[in-house]
1. Within the set of pairs 6+ apart or on separate chains, which have a first residue in region 30-44 that is more than 18 Å from residue 12 (Cβ to Cβ), a second that is outside any helix (DSSP H, G or I) and open to solvent by less than 40 Å² (accessible area, probe 1.4 Å), and C-beta atoms under 7 Å apart?
2. How many residues are in a loop (DSSP other than H, G, I, E, B) and acidic (Asp, Glu) when one looks only at region 212-231?
3. Could you list, in sequence order, the residues of region 89-114 that are open to solvent by less than 30 Å² (accessible area, probe 1.4 Å) and either aliphatic (A, V, I, L, M) or within 26 Å of residue 209 (Cα to Cα) (or both)?
4. Please state which one of 193, 171 is open to solvent by 10 Å² or more (accessible area, probe 1.4 Å), among the small types (Gly, Ala, Ser) and farther than 23 Å from residue 137 by Cβ.
5. Counting only residues that are more than 13 Å from residue 180 (Cα to Cα), in contact with a strand residue (DSSP E or B) (Cβ under 9 Å, 6 or more places away or on another chain) and in contact (Cβ under 8 Å) with a residue 40 or more places away in the chain, how many does region 193-213 have?
6. Identify, by number, the condition in (1) over 18 Å from the mean Cα position of the chain (by Cα); (2) under 28 Å from residue 250 (Cβ atoms) that residue 82 doesn't meet.
7. Which pairs turn up if I take residues in region 1-21 that are under 18 Å from residue 142 (Cβ atoms) and look for partners that are in a strand (DSSP E or B) with beta carbon separation below 6 Å, at least 6 apart in sequence or on another chain?
8. Quick check on residue 180: is it open to solvent by 10 Å² or more (accessible area, probe 1.4 Å), in contact with a helix residue (DSSP H, G or I) (Cβ under 8 Å, 6 or more places away or on another chain) and under 21 Å from residue 112 (Cβ atoms)?
Amino acid sequence: MTSLSKNKIKYIRSMEQKKARKEHGTFLAEGPKLTGELLGRFPCRLLVATEEWLNKHPEAKAEEIVEASPDELSRASLLKTPQQVLGVFAQPSYELDLNAVRTSLSLALDGVQDPGNLGTIVRLADWFGINDIICSPDTADIYNPKTVQATMGGIARVRVHYADLPAFIRSVNGTPVYGTFLDGENLYTQPLSESGLVIMGNEGKGVRPEVETLIDRRLYIPNYPRGRETAESLNVAIATAVVCAEFRRRAAWR
């Protein structure tokens, strides 16, 4: 077992930068719950923990394990309130299975910028049994530490892919493609298929025109009561939760 050197602290903190994450092919996870969920799922390059945590988890495996004091963890952590353990994990590599997308419910994100929104959407997908999320290249990075923390472990079970969205949508031709719009049809009165692709757009601009033209089922989440003055729209993560819940509610009653 090695000590937590200044170079290791520098390396851990570099995971805040996309360039460093890409160079090393790694990402950072912090806290007992999240780190515990990822251990055994992804190769752990570096595990840093207090003596107390290590004693409670003798089964923990990593290429390198470092025992650190709370003060040392505080210097390495990117969180405001450092916890007992953090891990640097290898980024997984996934093949995008088009047949799986055609036969299940999947999400596609068009330019979702906020790391917290992306992480929350991954967490929602995990809850609702959605295995694949396809992101446009300008969507937030799934391995951003803020995103990873917001997934609450969902990153261990949901596959996140980055692709040219218009080209991807064309490649699953015949699959129902849904999107949410202020001029769409009422989500609660429209027929919803058990499988399909649900597109969620950018926080401010929504779905870009070249993607919108490929959406064949336009949905709207109605406010209540009708005609009441409300906020202009819902947060993209909240809207995703509402849509996914309705898809799964319909599936449960089939």
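The values are calculated or read from the model by the stated rules, or taken from the named source; none is laboratory data. The shown structure was predicted, so the numbers you read here are calculated from the model rather than taken from an experiment. Counting neighbours? That spans all protein chains shown, and the Cβs are built from the backbone with ideal geometry, glycine included. Just the protein is used for accessible areas: all its heavy atoms, side chains included, with ligands, DNA and RNA removed. Shrake-Rupley method; radii C 1.70, N 1.55, O 1.52, S 1.80 Å.
1. Here the result reads 33/153; 37/153, each pair linking region 30-44 to a residue that is outside any helix (DSSP H, G or I) and open to solvent by less than 40 Å² (accessible area, probe 1.4 Å).
2. Here the count works out to 2.
3. 90, 100, 101, 105, 106, 107, 108, 109, 110, 111, 112, listed by residue number.
4. 193
5. Total meeting the criteria: 3.
6. (2)
7. 15/28; 21/27
8. yes
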